[in-house]
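Colleague: My questions all concern the structure below.
The values are calculated or read from the model by the stated rules, or taken from the named source; none is laboratory data. Predicted model only: the values in this text are computed from it and were never measured. Note: ideal-geometry Cβ built from the backbone for every residue, glycine included; neighbour counts use all protein chains shown.
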Amino acid sequence: MSGISPIPISSEPPLILVVDDDKTMRLLLREAMEREGYRVTEVTNGQQCLDAYKNVKPDLILLDAIMPVMDGFTCCKQLIQIARNNLASALASFDTNSMSFGTTIISKLWDRTPILMITGLDDPESVDRAFESGASDYVTKPIHWAVLRQRVRRLLQQAQLYKQLEAANQALQQLANVDGLTGVANRRRFDQYLKSQWLTLAQEKAMLSLILCDIDFFKLYNDKYGHPAGDSCLQKVSGVLSNTAEKTHDLVARYGGEEFAVVMPRTNTAGAVHIAAGMQAGVRDLQIVHAESHVSQYVTLSLGVATTIPTFDSQPSSLIHTADKALYQAKAEGRNRIILKQLTLPNL
């Protein structure tokens, strides 16, 4: 679990990819773009454009319509498909990796590079074909250089604006899912993630485990040391939970007050207890002094662990209820311990 990663702003000038089989035209386009302060790289056909697009990640593509090997219209369609695939991959990654949403995902979401088609065809059918292929704009040959400069500038500005707006929207979305004090997922995100994993694992007939844990005698800790110290304690404990959980799939959430929850997809009983024990030991190793505790001189955890195989006929609330009963038993039996309860596994 981590907070929002700032979106880096590149100090380098925009990179323009020029795609044209005519060497003289490539030279003219390079000179025109470099005079505007842009960086330029060149290729001679559509297939090379696809390769360069993946490797150099240009900010804008100047794409000739008529070329050998692969023409501009076909190339443009394939560029759009790459962008769509990247978007689907990014969204799937966001769901799978719970709260992980950093600069990599943002960049994948904005892998839709503006494409300015350059064509000697100015009939309405060719213009329609350019836009249907996914071009952002077009200019005709012979090139009106002032028009080209203005359209390049406008497309770059629009792309940057949309990128900033998307990053801001994603940042707001993450804020809505993060507990402001601890930086782990909040209750809203916990509910969403547990439900989505329940449906996924019901289809896969795979195990799902849940840990509910409480900081022992936390009210007494707050009363003794004050709320700022209590906040610091919550932050340190959440850090241990996050560091102990499996980064790829597990979700650590603040369930409420001093209670935390850990959703563990595809984790069996032994694995869940192992993670719970690691969390308990990690909090103990913090050696946060707790003079008012009745079980230790340091802050400790009580943990309830529940495991099941979800089905479409059951509800996630059954797993929460079972983990809550295990946590209640752990506290009733003296705290600073782990209690495991397993739901009756369905006959699959």
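Colleague: Before we move on, is S209 modelled with pLDDT of 95 or more, in the same structural domain as I320 (by TED's automatic domain parsing), within 16 Å of G256 (Cβ to Cβ) and of a type in the set (S, T, Y)?
Modeller: The answer is no for S209.
Colleague: Would you confirm, using the coordinates I've provided, whether L343 is surrounded by fewer than 22 Cβ atoms within 10 Å (Cβ to Cβ), touching a helix residue (DSSP H, G or I) at 6+ places or on another chain (Cβ under 9 Å), at pLDDT below 95 and of a type in the set (A, V, I, L, M)? Let's see the steps before the verdict.
Modeller: Details: surrounded by fewer than 22 Cβ atoms within 10 Å (Cβ to Cβ): yes; touching a helix residue (DSSP H, G or I) at 6+ places or on another chain (Cβ under 9 Å): yes; at pLDDT below 95: yes; of a type in the set (A, V, I, L, M): yes.
Criteria met by L343.
Colleague: Please give the number of the condition Q160 fails out of (1) within 30 Å of Y38 (Cα to Cα); (2) buried (at least 17 other Cβ atoms within 10 Å of the Cβ).
Modeller: Answer for Q160: the failing condition is (2).
Colleague: Of the conditions (1) surrounded by 17 or more Cβ atoms within 10 Å (Cβ to Cβ); (2) of a type in the set (D, E, K, R); (3) at pLDDT below 95, R254 satisfies every one except a single condition; which number is it?
Modeller: (3)
Colleague: If you go through segment 132-140 one residue at a time, do you hit one that is under 24 Å from Y328 (Cβ atoms), of a type in the set (D, E, K, R) and not in a loop (DSSP other than H, G, I, E, B)?
Modeller: Within segment 132-140, not a single residue is under 24 Å from Y328 (Cβ atoms), of a type in the set (D, E, K, R) and not in a loop (DSSP other than H, G, I, E, B).
Colleague: Any residue in segment 122-146 that's more than 21 Å from A159 (Cβ to Cβ): show its pairings with residues that are assigned to a loop (DSSP other than H, G, I, E, B) and of a type outside the set (A, V, I, L, M) at Cβ separation under 8 Å, as long as the two are six or more apart or on different chains.
Modeller: Close Cβ pairs satisfying both conditions: T140/G120; T140/D122; K141/G120.
Colleague: Out of all the residues in segment 209-229, which are out of contact with any Ser or Thr (no Cβ under 6 Å at 6 or more places or on another chain) and farther than 25 Å from D191 by Cβ?
Modeller: Passing the criteria: K219, L220, Y221, N222, D223, K224, Y225, G226, H227, P228, A229.
Colleague: Moving on. Report yes if some residue within segment 290-311 is at positive phi and surrounded by 14 or more Cβ atoms within 10 Å (Cβ to Cβ); otherwise report no.
Modeller: No, that holds for no residue.
Colleague: Can you find a residue in segment 141-156 that is among the small types (G, A, S) and not assigned by TED's automatic domain parsing to the domain that holds F260?
Modeller: Just the residues of segment 141-156 that are among the small types (G, A, S), to begin with: 146.
Those left that are additionally not assigned by TED's automatic domain parsing to the domain that holds F260: 146.
Yes, segment 141-156 has at least one match.
Colleague: Restricting attention to segment 111-127, which residues are of a type outside the set (A, V, I, L, M) and either assigned to a loop (DSSP other than H, G, I, E, B) or surrounded by 12 or more Cβ atoms within 10 Å (Cβ to Cβ) (or both)?
Modeller: Correct list: D111, R112, T113, P114, T119, G120, D122, D123, S126.
Colleague: While we're on this one: How many residues, within segment 310-335, are at pLDDT below 95 and among the β-branched types (V, I, T)?
Modeller: Within segment 310-335, residues that are at pLDDT below 95 and among the β-branched types (V, I, T) number 1.
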